[in-house]
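Asks: Pasting a structure below so you can have a look.
The values are calculated or read from the model by the stated rules, or taken from the named source; none is laboratory data. All of these numbers come straight from a predicted model, not from anything done at the bench. Here the Cβ positions follow ideal geometry from the backbone for every residue, glycine too, while neighbour counts run over all protein chains shown. All accessible areas refer to the heavy atoms of the entire protein, side chains included, with ligands and DNA or RNA removed. Shrake-Rupley method; radii C 1.70, N 1.55, O 1.52, S 1.80 Å.
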Amino acid sequence: MVTNLPAEAKAKWLKVMDAKTPEEKIKAIQDFLSSVPKHKGTENLVYWARRRLAELREESERQRKKKSGSFSFFVEKEGAGQIIVLGREELKNPLVRKITNVKQDPKDFPIPAMTYYEDVGIQLVNPPPVILDSKLIVSKIIGLIRNADGLLFVVEDKNEFLKFKEFLESNNIILGKPKGKVIIEKLRSGKEGIRIILLGKLVNTDENEIRKYLQDFGLKSAIVKIIGEVSLDDVEKSIFETITYKPAVVVSLNPFDYPGIPVITKIDNLPKYLFDSLDIIRVYTKEPGEEPSKDPLILKRGSTVLDVAKKLHSSLYENFKYARIWGKSAKFPGQKVGEDHVLEDKDIVEIHTK
């Protein structure tokens with residue numbers, strides 16, 4: 001059920017979305033909470049907002065320590081995606097050592113390492129043991145997980161995996177992928193309106209209702225990507241980010257099945273499973289008459305030609321005219337396409353400007 005918020009609260013949440021730093025977000029969420037009516041219909045939202053405040057305060061403290069030169073529990077992202085490794089030390093540490101070039105085991109702080117799938121590096125972060133009765137350790141681990149792009153579990157059997165799953169769900173972190181996903185990208189110009197790119201299907205709603213709902217928040221110009229099956233509730237969740245979904249891969253000594261999550265017993269193809277779980281694609285760019293670049297751009301699946309232009313340079317995005325495409329998404333080599341063309345893994349993109 002979509003939360004019925006007053007116009008004042010909706011307007012204040014837009015300021016939360018605009019906030020950049022943890023300090024700005026803390027102030028904006030506090031202001032938002034002051035305008036939210038307290039009743040049963042808003043209980044979950046208020047609970048989430050207060051928990052988000054606690055996470056932002058921790059993030060602010062991490063950044064302060066980083067500036068002062070103190071060692072931080074936080075790990076900067078590198079490569080195509082960051083994956084947190086969870087499991088007992090005697091299981092996860094040998095696996096990380098085997099598939100990366102890092103031989104150090106974590107003690108008090110997380111240890112980052114890199115593994116590779118073809119031409120793509122994927123960052124693994126091996127944290128200290130999760131001590132469930134330590135609020136401090138749990139808070140730090142949850143912060144790492146929320147910031148990461150995915151999870152790798154190294155367990156003995158299904159029961160051990162389910163204990164981790166239950167722990168994460170108690171912190172509003174759901175394993176796997178939702179049936180649908182909504183990506184809202186605010187635009188600087190207010191002239192373009194709300195443009196919806198439908199890459200899935202709408203359930204019990206339509207594009208006009210979604211536009212009206214977003215406009216009620218004061219959102220005037222945005223690109224909204226609909227991936228999979230999406231309802232108006234899903235649009236609201238994407239705005240408030242009340243639940244975090246994390247893709248996962250499980251390495252288990254004893255085989256078992258779990259819906260929506262790959263469970264493997266051999267690690268030969270583990271980097272490919274990790275790459276697939278991140279739901280990303282590689283795109284290679286080229287200049288007219290030149291060979292494609294060797295280093296791929298890493299984008300989320302469902303990304304468009306315009307996303308490539310934006311990632312390369314603001315001038316390419318602002319002066320985009322058309323693109324030529326080679327690869328899986330092209331009907332024929334060198335197909336001329338517009339800005340909303342959805343790309344596939346290993347596509348080659350040549351952008352032309354006005």
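Asks: Is one or more of the residues making up segment 154-171 under 26 Å from ALA11 (Cα atoms) and open to solvent by less than 60 Å² (accessible area, probe 1.4 Å)?
Replies: no
Asks: Filter segment 236-246 down to the residues that are part of a helix (DSSP H, G or I) and open to solvent by less than 70 Å² (accessible area, probe 1.4 Å), then identify the one that is modelled with the highest pLDDT.
Replies: GLU236
Asks: Which one of the conditions (1) in contact with an Asp or Glu (Cβ under 7 Å, 6 or more places away or on another chain); (2) under 30 Å from LEU187 (Cα atoms) does GLU344 fail to meet, given that it meets all the rest?
Replies: Only one criterion is unmet by GLU344, namely (1).
Asks: Give segment 1-49 a look and list any residue that's open to solvent by less than 30 Å² (accessible area, probe 1.4 Å), assigned to a helix (DSSP H, G or I) and aliphatic (A, V, I, L, M), or say none.
Replies: ALA9, LEU14, VAL16, ILE26, ALA28, ILE29, LEU33, LEU45, VAL46, ALA49
Asks: Quick one: LEU175 ticks every box in (1) touching a Lys or Arg at 6+ places or on another chain (Cβ under 8 Å); (2) surrounded by fewer than 19 Cβ atoms within 10 Å (Cβ to Cβ); (3) of a type outside the set (Lys, Arg) bar one, so which box is it?
Replies: (2)
Asks: Could you go through segment 219-232 and let me know if any residue there is without any contact (Cβ under 8 Å) to a residue 40 or more places away in the chain and surrounded by fewer than 17 Cβ atoms within 10 Å (Cβ to Cβ).
Replies: Scanning segment 219-232, I find at least one residue that is without any contact (Cβ under 8 Å) to a residue 40 or more places away in the chain and surrounded by fewer than 17 Cβ atoms within 10 Å (Cβ to Cβ), so the answer is yes.
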